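The values are calculated or read from the model by the stated rules, or taken from the named source; none is laboratory data. This one's a predicted model, so the numbers in the text were calculated from it and none came from an experiment. Backbone-built Cβ (ideal geometry, glycine too); neighbour counts: all protein chains shown. Please note that ligands, DNA and RNA were not included when accessible areas were found on the heavy atoms of the full protein model with its side chains. Shrake-Rupley method; radii C 1.70, N 1.55, O 1.52, S 1.80 Å.
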Amino acid sequence: MPNNKYAFFNGAIVPIEQAQVSVMTNALNYGTGCFEGIRGYWVPEESQLFVFHLRAHMERLHRSCRILYMQLPYSVDELCAITLELLRREAFQEDVYIRPLVYKSDPAISVQMNGLKDAFTLFAIGFGQYIAGSAVRACVSSWRRIDDNIIPSRAKASGAYINSALAKTEALLNGYDEAIVLGSDGQVAEASSANLFIVRNGALVTPPLTSDVLEGITRQVVAQLAQDQLGLKVVERPIDRTELYVADEAFFCGTGVELKPIVEIDRRTVGSGAVGPVAGQLMQLYSDAVHGRIPAYRPWCTPVYEA
Ligand code: PMP
């Protein structure tokens, strides 16, 4: 059960029981919303909670709203301030997941984005691993990724997650941990809720942002860590399905999944079948970065509490 006590709702922090919407809410009926998923990491040695890349997430929320004709009445700075205020009120001393949501709040039987009222809410919950285990088994989904001219992947749109949910459900029911979803062109796009990298001949390879993927913040972080800290080449190019089967390593990355090595795809062992050296090093670097342990990346971590 979620352990939060409050939500930011209709312009104020209220007890979570009061943050309720009508069954007639347009967004509940049609998926007309967009959201973010942000993590905060509790660092006991500093008695501090660090929110990772808070600004970047709020900037992406604004971009989602722009694509979806939604009005967000708060600036990026105001959204960051609301987040910190809510977290302080909750007084969390554990890792958290933060969920800002913009949604069409009108009780309207009307399928359109313009002319309907928007609302904003934000809550945070204590949160551990999104996918259990140190490595995962994945399958290529029979579902295709929605493309930019259907529901734009670069907008983190609520309704678009039906696509993610179908892919994930199929994977789970077939005994896998996660789905890899191909784009309508038949090339690798991403996972149900994470981006994907493979390692080939010592280089990190990931599909470009024009491959119907979310413009992942972790994807960007991983690329920078790989280049700056490991001196690796990072290549953005289309990835064929069968390249997954011959990759030296493969891993998912995202705010929720963090870095998650893939040890099997479609019943073929990836690399040695164990966590590979590149994924292993990047996981350590990522963990150090999100906990504020790498001075150069400390600006990525916003402290919640007074020092
Ligand atoms: N793709 C999808 C479909 C996602 O839902 C997510 C999670 N937000 C990601 C990629 C990873 O994005 P980020 O690293 O910004 O969390």
Candidates 256, 231, filtered to the one that is open to solvent by 10 Å² or more (accessible area, probe 1.4 Å) and on the phi > 0 side of the Ramachandran plot = 231
Failed criterion for residue 225 (all others in (1) of a type in the set (A, V, I, L, M, F, W, C); (2) open to solvent by less than 10 Å² (accessible area, probe 1.4 Å); (3) within 16 Å of the ligand (Cβ to nearest atom); (4) outside any helix (DSSP H, G or I) hold) | (4)
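Restricting attention to segment 41-78, which residues are more than 15 Å from the ligand (Cβ to nearest atom), of a type in the set (A, V, I, L, M) and touching a residue at least 24 places away in the same chain (Cβ under 8 Å)? Break it down stepwise before answering.
So in segment 41-78, the residues more than 15 Å from the ligand (Cβ to nearest atom) come out as 42-50, 65-66, 68-78.
The next check asks that each one be of a type in the set (A, V, I, L, M); those that pass are 43, 49, 68, 70, 72, 76.
Hits for segment 41-78 are 43, 49, 68, 70, 72.
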Selection over segment 159-168 where residues are in contact with a strand residue (DSSP E or B) (Cβ under 7 Å, 6 or more places away or on another chain) and within 11 Å of the ligand (Cβ to nearest atom) yields a count of 3
Quick one: is residue 220 among the polar types (S, T, N, Q), modelled with pLDDT of 95 or more and away from the ligand (no atom under 11 Å from the Cβ)?
-> no
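Of all residues being outside any loop (DSSP other than H, G, I, E, B) and either open to solvent by 20 Å² or more (accessible area, probe 1.4 Å) or out of contact with any Asp or Glu (no Cβ under 6 Å at 6 or more places or on another chain) (or both) in segment 61-74, which is nearest to residue 118 (Cα to Cα)? Just the residue, please. Explain how you work it out, then say what you get.
So in segment 61-74, the residues outside any loop (DSSP other than H, G, I, E, B) come out as 61-67.
Remaining after also requiring either open to solvent by 20 Å² or more (accessible area, probe 1.4 Å) or out of contact with any Asp or Glu (no Cβ under 6 Å at 6 or more places or on another chain) (or both): 62-67.
Working: 62: 13, 63: 15, 64: 13, 65: 10, 66: 13, 67: 14 Å.
Checked segment 61-74; the qualifying residue nearest to residue 118 (Cα to Cα) is 65.
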Out of curiosity, is residue 199 part of a strand (DSSP E or B), surrounded by fewer than 17 Cβ atoms within 10 Å (Cβ to Cβ) and not charged (D, E, K, R)?
-> no
Selection from segment 13-23 of residues farther than 18 Å from residue 91 by Cβ and not in a loop (DSSP other than H, G, I, E, B) yields 17, 18
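Within segment 26-60, can you find the residues that are in a loop (DSSP other than H, G, I, E, B) and surrounded by fewer than 19 Cβ atoms within 10 Å (Cβ to Cβ)?
The first filter runs over segment 26-60 and keeps only residues in a loop (DSSP other than H, G, I, E, B), leaving 31-32, 36-37, 47, 53.
Selection gives 31, 37, 47.
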Identify, by number, the condition in (1) within 16 Å of the ligand (Cβ to nearest atom); (2) out of contact with any helix residue (DSSP H, G or I) (no Cβ under 6 Å at 6 or more places or on another chain) that residue 38 doesn't meet.
-> (2)
Restricting segment 202-215 to residues that are open to solvent by 10 Å² or more (accessible area, probe 1.4 Å) and not β-branched (Val, Ile, Thr), the one farthest from the ligand (Cβ to nearest atom) turns out to be 202
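Taking residue 242 as the residue in question, decide whether it is farther than 19 Å from residue 135 by Cβ, open to solvent by 60 Å² or more (accessible area, probe 1.4 Å) and not in a loop (DSSP other than H, G, I, E, B). Explain how you work it out, then say what you get.
Numbers: farther than 19 Å from residue 135 by Cβ: yes; open to solvent by 60 Å² or more (accessible area, probe 1.4 Å): yes; not in a loop (DSSP other than H, G, I, E, B): yes.
Against the criterion (farther than 19 Å from residue 135 by Cβ, open to solvent by 60 Å² or more (accessible area, probe 1.4 Å) and not in a loop (DSSP other than H, G, I, E, B)), residue 242 qualifies.
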Looking at this structure, is residue 171 within 20 Å of the chain's Cα centre (by Cα) and away from the ligand (no atom under 12 Å from the Cβ)?
-> yes
